[in-house]
Amino acid sequence: MSERLKQRLLPLTALLSILAIWAAVVHWFDIPEYIVPSPVHVARTLIRDFSVILRNLWPTALESFLGFFIGNLASIALATVFVHWKTVEQTFFPLAIIIRSIPIVAVAPILVLMLGNDMTPKVVIAALICFFPTLVNMVKGLSSVNPQALELMKVLSASKSEIFFKLRLYNSLPYLFAALKIAASASVIGAIVGEWIGSTEGIGALIIQATYNFDTGLLYAAITAACVFSVLFTVAISWLERRVVKWSPEIG
Amino acid sequence: MSALSESVSVDNVSVRFDSDRGTVTAIESISFELARGAFLSILGPSGCGKSTLLRVVADLIPPSGGDVSLFGSTPAEVRKRRDLGFVFQDAALLPWRTARQNVELPMEVGDGANLAKGGPSASDLLELVGLGKWHDSYPHELSGGMRQRVSIARSLVTAPKILLMDEPFGALDEITRDRLNEELLRIWRETGTTILFVTHSIQEALYLGQKVLVLASHPGRVREMNEPDLPDERGLDIRESAEFVRQAAHLRALLETC
């Protein structure tokens, strides 16, 4: 068996085993369906209510995308400012670290109160969740350039913008993508958390409704849909990373 | 003035840094003169400020006192005219650029594009450093010695009048180092550029330099300007000659009493 095939087959085997154990436990211990449904029941619900789930996945996906885009763009811009104006960094970076330690889930109700019940608060929550990890990584990526490469640029009389575009930006890309991969799934979490609070549509709203109705089939199916979307989002970022970062990052 | 415009002149240069423990003198009152086209080795123990001295000549660190004149111009002027090349201990290649793109970097930044003076092409230079087949390789595909060759080619792309080298072979194994020493002498003869070469290896300093500037440490100052009586045309076997061995012993004694 080729190494590549093995790498694909092993996790798949693990997943199928977990599903099998799940089904077996539910069956043998006679666990009622309203507490834990069997995977077969979840799969059936997924097929039966596919249109409902898809209709609710759409706003969640849109909010995650928008939040991901806005949050990361803002942190990349701020990191760029930080790297060029040390005083700004010294003033705001410690503040950013403090703000980061506020659990976003706890701020979500405040944002919903402030921004109303449409898409805006969800996008803002998703953006906030993406913002800090990317900011920290981007600042690191932009500033951790090889000091001798920086001296080389000075020997070559390079301007600040040349140093930025030819050295710092490339240097930051591996750090940026490491953050983006985390941000992709985090933005989905942000959107869902936002939808928990008084929303009528979206995977988050579906989760709340299904829970109140003891409709565990729908609950698990909604979670599965969010999970698949989140994985696909992350995989897309990994794919982009392989296209963009073609060099080996460990050599500076 | 004609003598000045034809030489590298370091006159009474000092560098002091402010640190937590007060002012630290990195180098003190260093002076020397070097004719255009010469090869000077700068030898000293760690902490003698040899890298600092090189960075003053390159206009990377401002001197606290004294003057540097490169062929009658200031280091800043020479740097802006692209008449100055610098090779670092770390090859400092940009990992996202191929060997050729790394060599071409100096022509893309600053005034590089405007100052293109019909100098050597990147391909010719990679040929010169023996990497003819590796134009399109990325740094991570090259060995440490090959990366340093690329960095030498990059420093030569502007056809500099002066080349400053800061322990460029310090991190390489001895066999690679020997080979690159030989090739550096060949490149020096072919290009006719003036070279200041910092090292802490006595063998390397003596083999490469027409002159060897020995520095003492804490603070860095000139111990001796040594002019060994060795033939200009030399191979690695010169290191077994009586004169070379005698000079090496002399330099070792100097360093031990620094």
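FYI, it's all coordinate maths here, none of it is from the lab. Being a predicted model, the structure only gives us computed values, none of them experimental. No Cβ is skipped: glycine too gets one built from the backbone with ideal geometry, and neighbour counts run over all protein chains shown.
Applying a length cut-off of 30 Å (Cα extent along the axis) and a mean Kyte-Doolittle floor of -0.5 to the DSSP H helices of chain A leaves A:3-28, A:50-84, A:119-143, A:169-196, A:216-244. Taking other residues whose beta carbon is less than 15 angstrom from the beta carbon of A:G116, and scoring Lys, Arg as +1 and Asp, Glu as -1, yields -3.
Note on B:A35 and A:V245: with the Förster distance fixed at 45 Å, the Cβ-Cβ geometry gives a FRET efficiency of about 0.40. The lysines within cross-link reach of A:K246, meaning a Cα-to-Cα straight distance under 28 Å and a gap of 8 or more places when in the same chain, are A:K6, A:K140, A:K154, A:K160, A:K166, A:K181, B:K133. Electrostatic tally near A:K181: other residues with Cβ closer than 15 Å to its Cβ, Lys and Arg +1, Asp and Glu -1, net +1. Only Lys, Arg, Asp and Glu carry charge here, each on its Cβ (+1 for the first two, -1 for the last two); on that basis region A:142-241 has a dipole of about 520 debye about its Cα centre. Summarised as an ellipsoid, region B:95-159 has semi-axes of 20, 12, 9 Å, derived from the eigenvalues of the Cα gyration tensor scaled by 5 and square-rooted, with the largest first. Listed by chain and number, the aspartates and glutamates placed with their C-alpha closer than 14 angstrom to that of B:K50 are B:E28, B:D166, B:E167, B:E224; residues fewer than eight positions away on the same chain are left out.
What the Cβ-Cβ distance of A:F69 and B:V245 gives, at R0 = 56 Å and to the nearest 0.05, is a FRET efficiency of 0.20. When region A:37-244 is described by a simple charge dipole with +1 on each Lys and Arg Cβ and -1 on each Asp and Glu Cβ, the residue from A:V155, A:T216, A:L111 located farthest towards its positive end is A:V155. Overall, region B:73-196 carries a charge dipole of about 340 debye about its Cα centre when +1 sits on the Cβ of Lys and Arg and -1 on the Cβ of Asp and Glu, all other atoms neutral.
Taking B:S217, B:S31, B:S241 in turn, the Gaussian network model of chain B (Cα-Cα springs below 10 Å) assigns the largest fluctuation to B:S241.
Ranking B:V109, B:S137, B:S123 by Cα position along the charge dipole of region B:95-159, where only Lys, Arg, Asp and Glu carry charges on their C-beta atoms, puts B:S137 farthest toward the positive end. Computed on chain B, with alpha-carbon pairs under 8 angstrom and 6+ residues apart, the relative contact order is 25 percent. Dipole of the protein assembly as shown (Lys/Arg Cβ +1, Asp/Glu Cβ -1, origin at the Cα centre): which of B:L93, A:G141, B:V78 lies farthest to the positive side? Working it through, the farthest residue towards the positive pole turns out to be A:G141. The charge dipole of the protein assembly as shown, taken about the Cα centre with unit charges on the Cβ atoms of Lys, Arg (+1) and Asp, Glu (-1), comes to about 880 debye, rounded to the nearest 20.
Here B:D67 and B:H218 are evaluated by their C-beta separation; at R0 = 22 Å the FRET efficiency comes out at 0.40.
Peptide A:144-152 shows a mean partner chain C-beta count of 6 within 10 Å per residue C-beta. Before anything else, pin down the relative contact order of region A:37-244: Cα pairs under 8 Å, at least 6 apart, normalised by residue count, whole percent. Answer for region A:37-244 is 32 percent.
For chain B, taking the reciprocal of the average inverse distance between every pair of different Cα atoms yields a Kirkwood hydrodynamic radius of 18.8 Å.
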